[in-house]
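Report on the following structure.
The values are calculated or read from the model by the stated rules, or taken from the named source; none is laboratory data. Since we're looking at a predicted model, the values are computed, not measured. Reconstructed Cβ throughout: ideal geometry from the backbone, glycine too, with neighbour counts over all protein chains shown.
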Amino acid sequence: MKDMNKDYYERLAQAYFRGRAVRTGQADAGVQDPKLYYFKRGHEELPRVRKTLGFLRSVQPENLLDVGSGRGVFLFPFLEAFPWVEVTSVDLLAHRVEFLQDLSRGGITNLRAEQGDICLQPFPEKSFDVVTVLEVLEHIPDVEKAVFAAVRMARRFRPSEFP
């Protein structure tokens with residue numbers, strides 16, 4: 001991942017500030033926000049992230065559903081490596097979704113974030129080339145239902161991983 005753009009995480013932070021300012025109506029919104037640490041580099045070097053990005057390079061998806069995006073440990077390196085791919089994030093936690101929506105409003109236009117439960121199958125069958133469920137299944141009470149939903153919504157692949 002050494003060839004990744006060194007300015008990318010700075011651009012993410014700028015997009016976050018812009019998007020948060022649009023949402024709150026305050027030009028300085030987010031300046032003191034502790035979420036800034038989300039934008040540190042290094043997640044792309046995690047073995048699970050490198051492995052998944054390598055696999056996805058061979059797949060070249062048109063769109064992707066990332067289940068439980070959380071703080072963006074996988075999502076941010078993916079968005080950097082695949083800026084043309086339409087990405088939908090679904091997360092149970094409202095503050096995670098709000099954070100990602102701020103990024104989208106701020107200029108990360110290929111990202112859409114929605115609050116939802118994967119077990120409720122929030123998207124139609126075969127809606128996404130790839131559905132990623134990375135380090136999420138251990139947090140879901142009904143793993144079988146979540147896996148079934150991911151398989152149902154994916155046209156091609158479903159990378160998943162337990163810690």
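Set side by side, the residues Val59, Val133 differ, and just one is in contact (Cβ under 8 Å) with a residue 12 or more places away in the chain, surrounded by fewer than 16 Cβ atoms within 10 Å (Cβ to Cβ) and more than 30 Å from Ala21 (Cα to Cα), which is Val59. Checking each residue in segment 109-163 for being in contact with an Asp or Glu (Cβ under 7 Å, 6 or more places away or on another chain), part of a loop (DSSP other than H, G, I, E, B) and at pLDDT 95 or above picks out only Asn110.
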